[in-house]
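Input: a single structure, listed below in structure tokens.
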Amino acid sequence: MGYHGQDIDPLDMLKKQLISHHLAGVYDTDLAMRLRRAAEDAASMAWATTYPLLTLPELLREKVAEAVRHYQHQARIRPPRVGLAA
């Protein structure tokens with residue numbers, strides 16, 4: 001048992017540490033949501049490997065890069081947001 005009776009999950013701790021670096025300075029909530037989802041996907045994929053703690057960093061890097069590319073593509077094709085209509 002870990003701190004205060006809770007199990008400590010090393011994979012989850014590593015995921016949080018790695019994604020926090022990618023989220024630093026991100027103020028767009030849509031991009032932040034995409035990056036968090038990418039981290040969850042990477043952790044799920046890493047869990048299925050023989051060495052999840054070794055594979056997570058690279059999987060997360062790839063998933064984050066993919067999420068950023070998709071976000072940038074959507075930003076180019078999405079019409080600009082305007083204020084609410086009266």
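Between residues in segment 53-77 that are free of Cβ contacts under 8 Å to residues at least 40 places away in the same chain and residues that are among the hydroxyl-bearing types (S, T, Y), which pairs lie under 8 Å by C-beta distance while being six or more apart or on different chains?
T55/T49
Of all residues being aliphatic (A, V, I, L, M) and outside any helix (DSSP H, G or I) in segment 15-57, which is farthest from A67 (Cα to Cα)? Just the residue, please.
Only one residue fits best here, namely A48.
Coordinate-derived values only; no laboratory data. On a predicted model such as this, the values are computed, not experimentally measured, just so you know. Cβ sites come from the backbone with ideal geometry, for glycine too, and all protein chains shown count toward neighbours.
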